[in-house]
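See structure below.
The values are calculated or read from the model by the stated rules, or taken from the named source; none is laboratory data. This structure is a prediction, so every number in the text was calculated from the model and none was measured. Cβ coordinates were reconstructed from backbone atoms using ideal geometry, including for glycine residues, and neighbour counts include every protein chain displayed. For the accessible areas, the whole protein counts, side chains as well, though only heavy atoms, and no ligand, DNA or RNA atoms are used. Shrake-Rupley method; radii C 1.70, N 1.55, O 1.52, S 1.80 Å.
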Amino acid sequence: MTWPDPWVDPDPGTGGKAAASAGDFIARGRERYSAALQAGSVVLWHADLGGQILATLGWGALTGRPESEALGRAALDRVHPEDRPLADFRGRDIGDTLQLECRVLDANDRWRWMRARGVRIAASGAFPAEWVGTFEDIHDERLALERARYLAERDALTGLGNRRTLYEQLNRLRWMDASATVVMIDVDGFKAINDLHGHQIGDRFLLRLAQSLTASAPAHAVCARMGGDEFCAVVADQAEAEALAARLGAICGAGLMVGDSNCRTGISAGIADADWAAPDPVSTALRRADLALYHAKRNNSGLARFQPAMQEEADARQKLLHAIGAASRNGEFFLEYQPIVRVDGGATEAYEALLRWQHPQYGRIEPALFIRLAEENGLIGELGRWVLDRACDDLASGAAHLRLNVNVSARQLAEPGFADAAAGTLRRHGLDPGRLTLELTESLSASTVALGVEVERLRAHGFRLVLDDFGTEYAALSQVSSGRFDGIKLSREFIADCCASRRAWLVLRHVVNLCEDLGMSVVAEGIETDAELAVLRRAGVRLVQGYYFDRPRPLAELAEAAAAAS
């Protein structure tokens, strides 16, 4: 076939050279077409109405195969079997234009994506109706598109589905009216893995966990990573959900090997059945599984199934969360103090500031509820600043010998500049930092305290630091010897163990001796009975706190009682 050449100049001139013949122009035109087609990875094709290829130009440059392989029906043999019915349009009414994408075998026997476009030309004079069009290589474009689609639907680290994948699967099950149970999974203590082994090992642990989740789930399950160390699976019913959680929990409990590190931890799981009759059923199912997971983690139960009471509790928490923001402005917060006294003689050593909330509608709200809520939602920093400022105000207006203890949250220490801001608060009130002791929760021991710049800054400013809730985590003894603390405060749980177990009491006695050798104070809190006091006295504890001695009260009221007693 001879292709017409619109690029041939009908009156080219000589340009100082010998005149070219008509054959030279045709040959030059073919060279131009071939170069242009090769540059654009495009094939020109001409076919009859039955789809039989009559001529091509550029097939060899595009595929590396002879032009003859594209003629007649031979080209279909190079098309992927799955795409062949689409490329063969014999006997089909496809209109006057066509566009399709298919895979074609190249010279290296690799499938490459191609796009065919065509236009039907009506019969004219001696020429019958026919098809003409282009065939272009879109392999790189198609791979990039598939990669983008993969990234949109998959978690980059683990290769599992993401939230979008999960929503799509649940919506498919919804339209099929099929049963579905959502399992929300969270790793217990994943932060400790990062702190102990580093974030690179932490990422590899998550990858291993994702592989274990897929292996533990039924074949029809859809598994996804929701973010961080939280995963999700959609299974058929609660029996499958519970079996999945048990298998994955056993694997994590035995330990996942990541290189030379055996990362042993536990998981918490929340289970919720999908209710397609509920408003926005997909979001509702995920939210209910999340609430069950929250319940499992808070109660250390490992597994929890959604109950309607969990939603009621969540609604109540949300109401409290909205109320916390206005509580300090409305004067609903206030401080009470509990004395820390000497076992011998009963003299008051200091007072611990305890935050209280009197809500006009809900009444007195337990600190354990609203403080945890504030920590979970990033409001603890604001609360902590209010407490420190109010405690400093009370301290400045009290006697010169008065000393106070104030609790500090891990999230407060995570705020850059916290130590300098705390020192600034004391300066505004004209106070010596030595009169204020900050009680830091022991959960800081493995991470924030060990590496925290703010702790060192607090010590540089002259604050006394006490490790609170001692005895609730494995890293406590290492913090006693770290030199960062001036004392420890024994947790209520540890004291209960010491009163019930001779072995625990021996541990306490050695801890007390160690602290005395290091010049550190030991305070036992939550004392309520003569028996508890006797056990602690025998172990050598010299400072105690609890209802046995006095309940939390306003500071002025405690000061009056102390003055009357003296």
Filtering the range 503-562 down to residues that are within 24 Å of E336 (Cβ to Cβ) and small (G, A, S) yields S521, A524, G526, G546, A556, A559, A561, A562
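Is it true that T214 is more than 30 Å from G58 (Cα to Cα), at pLDDT 85 or above and either in contact with a helix residue (DSSP H, G or I) (Cβ under 8 Å, 6 or more places away or on another chain) or charged (D, E, K, R) (or both)?
No: the conditions fail for T214.
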I'd like to check something: does the range 310-330 contain any residue that is at pLDDT 85 or above and part of a strand (DSSP E or B)? no
Residues that are open to solvent by 30 Å² or more (accessible area, probe 1.4 Å) and closer than 21 Å to G302 by Cα, at least 2 per element: which helices (runs of 4 or more DSSP H) completely within the range 147-261 meet that? 190-197, 199-216, 238-254
Answer yes if at least one residue in the range 272-293 is open to solvent by less than 20 Å² (accessible area, probe 1.4 Å), under 30 Å from F549 (Cβ atoms) and of a type in the set (A, V, I, L, M, F, W, C), and no otherwise. no
Can you tell me which residue within the range 418-445, out of those that are in a loop (DSSP other than H, G, I, E, B) and of a type in the set (G, A, S), is modelled with the highest pLDDT? G430
Selected residue [open to solvent by 10 Å² or more (accessible area, probe 1.4 Å) and at pLDDT 90 or above] from A539, A524, A504, A534: A534
Can you name the condition, by its number, that V104 falls short on among (1) at pLDDT 75 or above; (2) outside any loop (DSSP other than H, G, I, E, B); (3) over 20 Å from E136 (Cβ atoms)? (3)
Is it fair to say V544 is open to solvent by less than 20 Å² (accessible area, probe 1.4 Å) and in contact with a helix residue (DSSP H, G or I) (Cβ under 6 Å, 6 or more places away or on another chain)? no
